[in-house]
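Following: one structure in structure tokens, then a few remarks.
Each reported figure results from applying straightforward, stated rules to the coordinates on display, with no laboratory input. Given the structure is predicted, the values throughout are model-derived calculations rather than measurements. Cβ sites come from the backbone with ideal geometry, for glycine too, and all protein chains shown count toward neighbours.
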Amino acid sequence: MQPPVISFKRLGQVFETAAGRAVTALDGVSFDIGRHEFVAVLGPSGCGKSTLLRLIAGLIAPTRGSVEIWGMPVTEPRDEIGIVFQRPTLLPWFDVLGNVTFPMRHKYGRVGEAERARARELLALVDLADFADKRIDELSGGMQQRVAIARALLLDPDILLMDEPFSALDALTRDEMSFELLRIWSERPKTVLFITHSIPEAVLLADRIVVMTPRPGRVREILDVPLPRPRSLATLTDPTFHALADHIRGTLFSRPAAA
Amino acid sequence: MSDTTAAAPETTLPETDAAPTAPAAGVGTTLLAWLDRFAPALAFAAALAVWEAATWVFAIPSFLLPAPSAIVAAGLATPAEVWLGHIWATLRVALMGYLLAIAVSVPLAVALASSRLLSRTLYPMLVVVQSTPIVAVAPIIVVTLGASDLPRVVITFLITFFPIVVSTVTGLLSTPEELIELSRSLRAGRSREILHIRLPYAVPHLVSALKISTTLAVIGAVVAEFVAAERGLGFFILFSTSFFKIPAAFAGLVVLVAISLALFRLVGLAQKMLVPWSLPKSER
Ligand SMILES: Nc1ncnc2c1ncn2[C@@H]1O[C@H](COP(=O)(O)OP(=O)(O)OP(=O)(O)O)[C@@H](O)[C@H]1O
Ligand SMILES: [Mg+2]
């Protein structure tokens, strides 16, 4: 058995609000994520999903417990992580290629021919090969989010953190992007933590689903998704898919006491 | 029955009307397009004509309100090299004050946006400086700094720099939180965060402030010349009025407006050439 890539050890996060009140965002969160596993974190708004992501990324320090990557507690941002946010947040003063190579320019101060070639490869991977020198505002929302995914992959991270990456997209684009992501993930296997509000999205994408409780955010349930890979449109009509989605819907909307 | 009789003329009315209005509508739209293009110039010309006519009809003396023709005549009566001397004197002070304001404001804005302590210490001071009527302080500055370009540049600087600082700080702080987190996750460092992300994000704000400040810079230079100068358009206007040469003073005013407009346009052009991405798509 391989050691986990990411493990949460009784992780707790308390924020002090501007009014001086303490808000417990996360409480006693413990679970592991294995190598090249695709884990979805599902939970209502404000249950601490983004906080969880910031903790793995080393952007904030936990109040209690720890996050470990390869068995080492996270104390600062690390190289093996790529992040995709809800909004693409591309830089309008660069073209598409400039945006994909931006992490290199930003981290090391220069972009070489090798990185540009790599960026072109990644653009081909996200199906935007012909858009390298387009301006950002010439792209649709879905295309912009693909550029953001390519940007996150530039430095070849082992871990990909995605915070509701498709929630700003329309329903059709969203489904299309889910399958795109699965294809990208099968071509470039990564350990993925995928945060979402959408039950079908979580079931379609993930190997395992972590369901969280609202305030304070705790792990309510961890579910294996026994659907075969590669997943396709047929997966959406699989009875297992619906059974699992219904089950999650049931737990999410039941009172914590009843769960 | 009454329904059908009432309906009958209604259905025929548009038909009879349509024949004559169709070509008229064509003329109407071309007229509209023409108006759309020339309306500003026409309105301007009309205003000048009304002004000219009013001065004749009401026999307004030229020391109260000179006619446009009198202003033009006065402008032409002053030799070109005299104009150029005054223009250069004012423009030099305005530009030096403006450039000094940019050179001070942008780093100051970066400092204010980077440190809460600095912004809490310096901001109140800046607001006090900004709230001081510069026109009232100008004579003091001139006495303190002596008779040279220096006090004039300082006065121009004081009028110009505040909007640039405030807009740049706003721009620096308007950067999306995600990009700052991206920067921190790459451990790129504070200076790269400011240089690669925050400053470019501040550019649209900075450019609007730079546009506003062109006018302020000209105002600053003129105010300084009102206090103490022997050259410049402000001096020329003051000098002309003191000899009741009101048309000449108005001519000086026209030149000042022209300079302000030219500088404003220049900043717009620079934006189009240097940072076209900061313009809305329609204006690129
Ligand atoms: N920097 C902060 N300071 C104070 N409170 C915070 C901070 N960040 C998050 N919180 C609080 O922690 C809780 C969890 O926030 P978080 O953003 O992690 O939720 P989320 O699950 O990502 O929500 P959403 O689905 O809406 O994105 C919220 O109650 C939020 O108000
Ligand atoms: Mg969130």
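Return the lysines within reach of A:Lys190: Cα separation strictly under 16 angstrom, same-chain partners fewer than 8 residues apart disregarded; answer none if there are no such residues. Those lysines meeting the cut-off do not exist here.
Computed over the Cα atoms of chain B, the ratio of the radius of gyration to the Kirkwood radius (Rg/Rh) comes to 1.18. Among the residues of A:82-94, the average count of other protein chain beta-carbon atoms within 10 Å of the residue beta-carbon is 4.
Extension gain, B:Trp51 to B:Phe63, is 2.9 nm, computed as 0.36 nm per intervening residue step minus the present C-alpha separation. Scanning chain A for long hydrophobic helices, with DSSP H runs required to stretch 15 angstrom or more by C-alpha along their axis and to average at least 0.0 on the Kyte-Doolittle scale, returns A:141-153, A:239-253. A compact globular protein would have a Cα radius of gyration near 2.2 N^0.38 Å; the ratio found for the protein assembly as shown is 1.39. Taken about its Cα centre, the protein assembly as shown carries a charge dipole of about 1840 debye when Lys and Arg each add +1 at the Cβ and Asp and Glu each add -1 at the Cβ.
Magnitude of the charge dipole for the stretch B:58-181, about its Cα centre and with charges confined to Cβ atoms of Lys, Arg (+1) and Asp, Glu (-1), is about 320 debye.
What the phi angles of the stretch A:100-107 give under the Karplus curve with 6.51, -1.76 and 1.60, with θ = phi - 60°, is a coupling list of 5, 7, 3, x, 5, 4, 6, 7 Hz, glycine and proline written as x.
Where only DSSP H runs of four or more residues are counted, chain B gives -28500 deg cm²/dmol as its mean residue ellipticity at 222 nm, each run worth -39500 (n - 2.57).
Over all orientations, the stretch B:222-284 has a Cα convex hull whose mean projected area works out to 5.7 square nanometres.
The mean number of partner chain beta-carbon atoms within 10 angstrom of a residue's beta-carbon across peptide A:101-109 is 5.
The GNM of chain B, with springs linking C-alpha atoms under 10 angstrom apart, assigns the highest mean-square fluctuation among B:Gly75, B:Gly28, B:Gly146 to B:Gly28.
Among B:Ser183, A:Ser7, the order by Cβ neighbours within 10 angstrom, fewest to most, reads A:Ser7, B:Ser183. Note on the stretch A:112-187: semi-axes of the ellipsoid equivalent to its C-alpha gyration tensor, largest first and rounded to whole Å, are 20, 16, 11. In a DSSP loop and with at most 10 other Cβ atoms within 10 Å, the GluC sites (Glu not before Pro) in the stretch B:181-248 are B:Glu230.
Using every pair of distinct Cα positions in chain A, the Kirkwood expression returns a hydrodynamic radius of 19.2 angstrom.
Dipole of the stretch B:68-283 computed with +1 at Lys/Arg Cβ and -1 at Asp/Glu Cβ about the Cα centre; of B:Val227, B:Ser213, B:Leu91, farthest Cα towards the positive end is B:Ser213.
Straight-line cross-link partners of B:Lys272 among the lysines, defined as a Cα under 26 Å from its Cα and at least 8 positions apart when in the same chain: A:Lys134, B:Lys211, B:Lys281. Annotation: the residues A:Leu204, B:Leu126, sorted from fewest to most other C-beta atoms within 10 Å of their own C-beta, follow the order B:Leu126, A:Leu204. Think of the stretch A:1-151 as a dipole: +1 on every Lys or Arg Cβ, -1 on every Asp or Glu Cβ, centred on the Cα centre; then among A:Gly58, A:His106, A:Ala132, A:Gly58 lies furthest on the positive end. Place a point 7 Å from the Cα of A:Thr63 along the Cα-to-Cβ direction; which residues of the stretch A:199-222 have their backbone N under 13 Å from it? Only A:215-218 pass the distance filter.
Legend: mean number of C-beta atoms from other chains within 10 angstrom of residue C-beta atoms, peptide B:184-191, equals 6. Label sites at A:Leu233 and A:Ser254, each approximated as a point 7 angstrom past Cα along Cα to Cβ, lie 3.6 nm apart. Arranged from fewest to most other beta-carbon atoms within 10 Å of their beta carbon, B:His196, A:His247 become A:His247, B:His196. Note on the stretch B:68-283: with charges restricted to the Cβ of Lys and Arg (+1) and Asp and Glu (-1), its dipole about the Cα centre is near 400 debye.
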